[in-house]
Amino acid sequence: MSGDCTAVRLYESVGAIDAQAWDACAGPGNPFMTHAFLSILEESGSVGEGTGWQPLPLVVEASDGTIVAAAPSYAKAHSQGEYVFDHGWADAWERAGGQYYPKIQIAAPFSPVPGPRLLLRDADAAGALIAGIEMVVRNNGLSSAHATFVEEAQVPLFRAAGWLIRQDSQFHWTNDGYASFDDFLGELSSRKRKDIRKERERAKEGLEIVHLTGDDIREAHWDAFWHFYQDTGARKWGQPYLTRAFFSLLSERMGSRVLLMLAQRDGVPIAGALNLIGADTLYGRYWGASEEVPFLHFELCYYQAIDAAIALGLDRVEAGAQGSHKLARGYRPVPTWSAHFIPDAGFRRAVADFLKHESMAVEEDRRHLETHAPFKKGGAETD
């Protein structure tokens, strides 16, 4: 370690921490862990007072004051916007006379995006960072801490510290060196190729689809997308998680990492999909539409994302949580991970037993889904 670890410190916001110091820990690869993204959430009012997401970032400092590790942690007053569902745990704990909320959440808010949750400038600081999170839970009499969508490489760090490990599945598309979308289609069975081509033709009929990034994204584009996002948010979650100001700040401060896809009819946007560009991954996040157009959701969120990833030379498309309908469109099931610290021994045993059975079911489901992937099973096929 770059000097002995002398302090584990809580801050009231990521914005209160020096941006360069935070990003030296987070690294450039995952946009959702950057100081810019997390502070935009704070400044826009998407997290903070009244949202149930109270920022409490935790850092580890070396003896010379250098921040060597950080965690994007939040005091949560509910379990919304997490995509790893623990409502049953909360109900069980409260029926037993406990108080489940507030809890500590280490996460990218509202983003089911795998990535580092222990942001480590110095790998040797991981233990001190995890111990600091546990200390916050114990010293404040909290029920638990949860690190969600932890990248697989960090799972052993949590497991070694005694945290419970939970797994789920997402559907990701992998770029196996494709030069074009047709190149990718060549890996699918003949029937699936034909199905996808028909879907794309129907979805795009009478529409123009544009990809916008950086300065090409104007406030009028965000106004249109905000309308789409509000409609989707109201139907999925009851109310949108992000404020309108979030999108303007995102464009202003992270515009080069934003890819906004719009479907336009006679120059007027009728649907949109928002993506963030990582070092090797295109992250699909939000979608919405003002018209019902058959297959347009698949076109904007899945097929256009593949087109963009190939053009940008990216390795993967991660198109968000759930959605077995992605399987038929070339997105394969992969494991996702979360880690859970529960100090009460009895509650921990009950959750551990639940996770043991849940894990077996998740793995079996993933194996079953893989057998239905649309890729060729061997032998040549022609259209």
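Under 1.5 on a/c is rounded, so check that first for region 1-58, then, if it is not, pick prolate when a/b is larger than b/c and oblate when it is not; a ≥ b ≥ c are the square roots of the alpha carbon gyration tensor eigenvalues.
Since a/c reaches 1.5 but b/c is at least a/b, the shape of region 1-58 is classed as oblate.
Classify region 77-139 as rounded, prolate or oblate, taking a ≥ b ≥ c as the square roots of the eigenvalues of its Cα gyration tensor: rounded when a/c is under 1.5, otherwise prolate if a/b is larger than b/c and oblate if not.
oblate
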Q: Compute the Rg to Rh ratio over region 55-163 from the alpha carbon atoms, using the Kirkwood formula for Rh, and round to two decimal places.
A: 0.97
Q: Pull up all non-local amide H partners of residue 286: gap of 5 or more, or a different chain, and H-to-H distance under 5 Å with H placed in the peptide plane.
A: 274
Q: Take each complete run of DSSP H in the chain, measure how far its Cα atoms stretch along the helix's own axis, and keep only those covering 18 Å or more with mean Kyte-Doolittle hydropathy at least -1.0; list them.
A: 126-139, 345-370
Q. Ordered by packing density, taken as the mean number of other Cβ atoms within 10 Å over each peptide's residues, highest first, how do 144-150, 63-69 rank?
A. 144-150, 63-69
Q.
Rounded to whole Å, give me the distance from the Cα center of region 308-383 to that of region 72-141.
A. 22 Å
**Q.** 5 angstrom amide H check on residue 69, placed H, neighbours 5+ away
**A.** 60, 121
Q | Rounded, prolate or oblate (a/c below 1.5 giving rounded, otherwise prolate when a/b exceeds b/c) for region 245-383 by Cα gyration tensor | A | oblate
**Q.** Per principal axis, descending, Cα span of region 180-219 in whole Å
**A.** 42, 22, 11
Q. Taking the chain as a Gaussian network, Cα atoms linked when under 10 Å apart, which of 214, 346, 132 shows the biggest mean-square fluctuation?
A. 346
Q.
For residue 370, project a label point 7 Å along Cα to C-beta. Then give me every residue of region 270-303 with its amide nitrogen under 19 Å of that point.
A. none
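Pop out the carbon and sulfur fraction of the accessible area of the chain as a percent, whole number, probe 1.4 Å. All intermediate terms of the calculation are to be shown ahead of the outcome.
Details: 8080 of 16460 Å².
Ligands and nucleic acids excluded, carbon and sulfur give 49 percent.
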Q: Taking GluC sites (Glu not before Pro) as candidate sites, keep only those in a DSSP loop with at most 11 other Cβ atoms within 10 Å, then name the longest stretch of the chain containing none of them.
A: 50-204
Q | Under-29-angstrom lysine pairs by C-alpha in the chain, whenever the two are 8 or more apart or on separate chains | A | 24
Q | Residues of region 12-104: accessible area per residue with a 1.4 Å probe, Å² | A | 37 Å²
Q) Could you give the semi-axes, largest first, of the ellipsoid that matches the chain, computed as the square roots of 5 times the alpha carbon gyration tensor eigenvalues and rounded to whole Å? A) 36, 25, 20
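Could you report region 125-245's accessible area per residue, 1.4 Å probe, as an integer in Å²?
Per-residue value: 48 Å².
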(Q) Please report the projected area of region 1-100's Cα convex hull averaged over all directions, in nm². (A) 8.0 nm²
Q | Of 340, 221, 325, the one that fluctuates the most in a GNM where the chain has Cα springs shorter than 10 Å | A | 325
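The values are calculated or read from the model by the stated rules, or taken from the named source; none is laboratory data. For clarity, every value in this text was computed on a predicted model and none was experimentally measured. As a convention, Cβ positions derive from the backbone with ideal geometry for all residues, glycine included, and neighbour counts pool all protein chains shown. All accessible areas refer to the heavy atoms of the entire protein, side chains included, with ligands and DNA or RNA removed. Shrake-Rupley method; radii C 1.70, N 1.55, O 1.52, S 1.80 Å.
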